[in-house]
Ligand SMILES: C[S@@+](CC[C@H](N)C(=O)[O-])C[C@H]1O[C@@H](n2cnc3c(N)ncnc32)[C@H](O)[C@@H]1O
């Protein structure tokens, strides 16, 4: 809503039952199956929401609102349009209560964030060209632990392809993860936590570790602490190859964490031509084969992905090669003496 001065009027929710009272009122016992750990302290949920930046007049998607603590903080921060996606129907009545307290601001979707089409959830007029400033759209969530890693990998792929939430531009994300996952996402080259996830996130975004929430702040208390991480997609990704190709190179590089990087990277190639092609790739990329995977920089990964793409363009069969598949076939031949893999049943 615009005030007479043209500024967006500030909004505060009217007095409501506390989150603890909402939980009691609707008998919302946390279920382990949906990784439910609630935040009841509104100072803490306000602090998470502040990491997203200025939300006055913003469009926001909240993942897994549950009893609505973070939801209240997002509304109080001035979001104009908040879409919440919640899988557990038990939370819907409590969220409807909030919706009545913030007329026209809260949209409730009962659904699974892993399949929800966020590109259809907001009007296309909010889109911004990729190279420009991010759109006024944020994703915020105290994610369920069992969903957070598959979800961020899925969103990183959407980011690379500019689809899903990134059909609107460089949508920013403020999300919670198990502390160990948060550390992997933000780990720099040569650090102990450096992993596949670090490279995949950092070639596409600026990833910022905001703060840690001790496990005891949640109800029920999880066994681990939680890290809040903020992501801003880069206008120019640090690697310009297709996501699947980058993912394959990075996955192979980290195949043997403690060994020289060439040990994993050579598995990108069929056994018969492995030494020759692996050497060509590392030479073209100008990467020292005796570096450990954790010591490879984003620049190294860019050069490796470019060199691998070059080799695949000379021999298109390479792109489909997976060493695990070659191993599987060899095992079958050893066991059955037949080169044909058993066909899976076709039903009927
Ligand atoms: C860790 S709790 C956080 C609840 C609330 N946001 C808070 O901070 O107190 C995770 C929430 O995500 C919901 N959830 C779990 N899996 C989901 C999924 N696939 N899609 C949408 N919501 C999901 C759970 O039901 C739960 O409400």
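The values are calculated or read from the model by the stated rules, or taken from the named source; none is laboratory data. Just so it is clear, the structure is predicted and the values come from calculations on it, not from any experiment. FYI the Cβ positions are ideal-geometry reconstructions off the backbone, even for glycines, and counts take in every protein chain you see.
Residue 47 fulfils the conditions (1) surrounded by fewer than 22 Cβ atoms within 10 Å (Cβ to Cβ); (2) within 25 Å of residue 27 (Cα to Cα); (3) more than 9 Å from the ligand (Cβ to nearest atom); (4) in contact (Cβ under 8 Å) with a residue 12 or more places away in the chain except for a single criterion, (2).
Yes/no matrix, rows are residues, columns are (1) farther than 20 Å from residue 324 by Cβ; (2) crowded, with 19+ Cβ neighbours inside 10 Å:
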{"position": "250", "(1), (2)": "no, yes"}
{"position": "256", "(1), (2)": "no, no"}
{"position": "262", "(1), (2)": "no, yes"}
{"position": "266", "(1), (2)": "no, yes"}
{"position": "287", "(1), (2)": "yes, yes"}
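Total residues in the stretch 190-231 satisfying the condition of being in a loop (DSSP other than H, G, I, E, B), free of Cβ contacts under 8 Å to residues at least 40 places away in the same chain and surrounded by 15 or more Cβ atoms within 10 Å (Cβ to Cβ): the figure is 1. Restricting to the stretch 165-180, and then to whatever is closer than 22 Å to residue 239 by Cβ and crowded, with 19+ Cβ neighbours inside 10 Å, can you tell me which residue is farthest from the chain's Cα centre (by Cα)? Looking at residues that are closer than 22 Å to residue 239 by Cβ and crowded, with 19+ Cβ neighbours inside 10 Å, I get 169. Any residue in the stretch 42-54 that is closer than 21 Å to residue 93 by Cα and out of contact with any strand residue (DSSP E or B) (no Cβ under 6 Å at 6 or more places or on another chain)? Yes, the conditions are met somewhere in the stretch 42-54. Of everything in the stretch 63-75 that is within 7 Å of the ligand (Cβ to nearest atom) and under 16 Å from residue 228 (Cβ atoms), the residue that is surrounded by the most Cβ atoms within 10 Å (Cβ to Cβ) is 70.
Condition check for residue 30 on (1) assigned to a helix (DSSP H, G or I); (2) within 9 Å of the ligand (Cβ to nearest atom): one failure, at (1). So which residues in the stretch 76-98 are more than 13 Å from the ligand (Cβ to nearest atom) and crowded, with 20+ Cβ neighbours inside 10 Å? Selection gives 77, 79.
Within the stretch 233-241, the presence of a residue that is closer than 16 Å to residue 195 by Cβ, at pLDDT 95 or above, surrounded by 14 or more Cβ atoms within 10 Å (Cβ to Cβ) and under 25 Å from the mean Cα position of the chain (by Cα) is excluded.
Out of everything in the stretch 144-162 that is farther than 17 Å from residue 246 by Cβ and surrounded by fewer than 16 Cβ atoms within 10 Å (Cβ to Cβ), what residue ends up being nearest to the ligand (Cβ to nearest atom)?
146
Out of 304, 245, 277, one residue alone is in contact (Cβ under 8 Å) with a residue 40 or more places away in the chain, surrounded by fewer than 18 Cβ atoms within 10 Å (Cβ to Cβ), assigned to a helix (DSSP H, G or I) and touching a helix residue (DSSP H, G or I) at 6+ places or on another chain (Cβ under 9 Å). It is 245. Answer yes or no as to whether residue 177 is within 13 Å of the ligand (Cβ to nearest atom) and at pLDDT 95 or above. Taking the combined requirement at face value, the residue satisfies it.
Would you check which residues across the stretch 83-104 are within 20 Å of residue 114 (Cβ to Cβ), in contact with a strand residue (DSSP E or B) (Cβ under 8 Å, 6 or more places away or on another chain) and in contact (Cβ under 8 Å) with a residue 24 or more places away in the chain and list them? Within the stretch 83-104, 83, 84, 85, 86, 87, 95 meet the criteria.
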